[in-house]
Amino acid sequence: MRYIEPHGHMVSRTTDDYQAMVTAGCVAVCEPAFWAGFDRSSVDGFRDYFRQITEYEPARAAKFLLPHFAWLCINPKEAEDLALAADVLAMIPEFLAKPNVLGIGEIGLNRNTRNELKVFEQHVELAVKYNQLILVHTPHLEDKLKGTRLIVDLLRSHPGVKPERVIIDHVEEHTVNLVLDRGFWAGITLYPDSKSSPPRAVDMLETSGHDRIWLNSACDWGVSDPLAVPKTAFEMRRRGHSASYVDQVLYQNPVRFLSQCPKFRLGD
Amino acid sequence: MPVRAKLIEVAAFLDRVERYGAAGDFRCAALRQAVKILVDGKPARARRILEQLSDPTVKPDLITSGKVALGAWQKPQSPKRAK
């Protein structure tokens, strides 16, 4: 079996995780910029982080023969500081030409505030200006439905946004159709305690379709499982889905979306 | 078996919060309301429970109430929605 991990915060993971993922069939990993668990104090903290995910982490992954790609942004959890956000947004173009950068992400909302929405809109403007793919984070728990609606409304109101070049991540049963019905791609995140479990993810594939959906572990420094994607393949097979079905969802779908960026290339 | 175990976890949780005098917490109240959906005989239970636990408002908040979501929506004590 082959699969792509389209959303993993590998700077938070050990080399053992890289080894386990490759052993399970992972052929590429994509790392969106995210929150470090604490607020960075200056734009220089982001500069170091962007260097880490565009220079150091690809080299670490390469030791395990794993292509590593990255997305850039200031995440919504740090978007309340508008001055810092402006500094980071101004710096991002310096890194867009890096060979492993696929686009702008994971941008979006956390607590659905006016400042978060403003910074989200600025990221969207940046992505459109530089013709970048967009990866969107949707809020947690009780904030997800409202946040997803705000995100979808903003994206649809922007004339420069092409829905087929946007993936809206962390969908659940109450948001998956809201995203797919408007032409966007949807990401289902497999977490032990929140977001979606493997059985619920397969339920959504069966009821909402599997044409524009990818699955990811979003493994990071919190409770998460870097092997959640291949474990979900087992859930599909147990229900009788074919090997080609599994391959489409876990490999071909992410390849189809990510290949819209010419820098996304896989080796033999 | 896994679903049976999860159901008993929910039951034990509800017993526990009563024993500790926390049953009035808004999250516990929301959970008790959500449980009713399990046995109403209608489809799309997961979607409907998620919707019931969600913030029903539509405008962005003026200020953040913290970085972390709580699991259920509680009407704010003071207005903080954008006009």
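What follows is calculated from the coordinates using simple rules that are stated; it is not laboratory data. Remember, predicted model here, so these are calculated numbers, not experimental data. Quick reminder, even Gly has a Cβ in these numbers, built from the backbone with ideal geometry, and neighbours come from all protein chains shown.
The table that follows gives values for the structure above.
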quantity	calculated
Computed over the stretch A:1-135: relative contact order in percent, which uses C-alpha pairs under 8 Å that are six or more apart	23 percent
Pairwise centroid distance, computed over Cα atoms, of the stretch A:84-151 with the stretch B:24-83, Å	25 Å
Under the span-like rule (Cα at least 15 Å along the axis, Kyte-Doolittle mean at least 0.5), DSSP H helices of chain B	B:26-38
Assigned charges on the beta-carbon of Lys, Arg, Asp, Glu; chain B dipole about Cα centre (debye)	260 debye
Paramagnetic reach from A:D39 in the stretch A:123-140 [backbone N under 16 Å; point 7 Å along Cα→Cβ]	none
Long-range HN-HN contacts of A:T113 with modeled amide H, under 5 Å	B:D61
Within the protein assembly as shown: Cβ-based charge dipole about Cα centre, in debye rounded to nearest 20 (Lys, Arg +1; Asp, Glu -1)	840 debye
Distance between modelled label sites at A:R239 and A:N131, nm, 7 Å Cα→Cβ extension	3.9 nm
Label-zone membership for the stretch A:174-202, site A:K162, 7 angstrom Cα→C-beta point, backbone N under 16 Å	A:183-185
Those residues of the stretch B:20-34 whose amide nitrogen sits under 15 Å from the label point placed on B:Q77, 7 Å along Cα→Cβ	B:26
Pairs beyond 31 Å (Cα-Cα), from A:K63/A:K146; A:K63/A:K263; A:K77/A:K98	A:K63/A:K146
log₁₀ of I(q)/I(0) at q = 0.12 Å⁻¹ - chain B, Debye sum with one point per alpha carbon	-0.48
Per-residue [θ]222 nm for chain A (sum of -39500 (n - 2.57) over DSSP H runs n ≥ 4, rounded to 500)	-11000 deg cm²/dmol
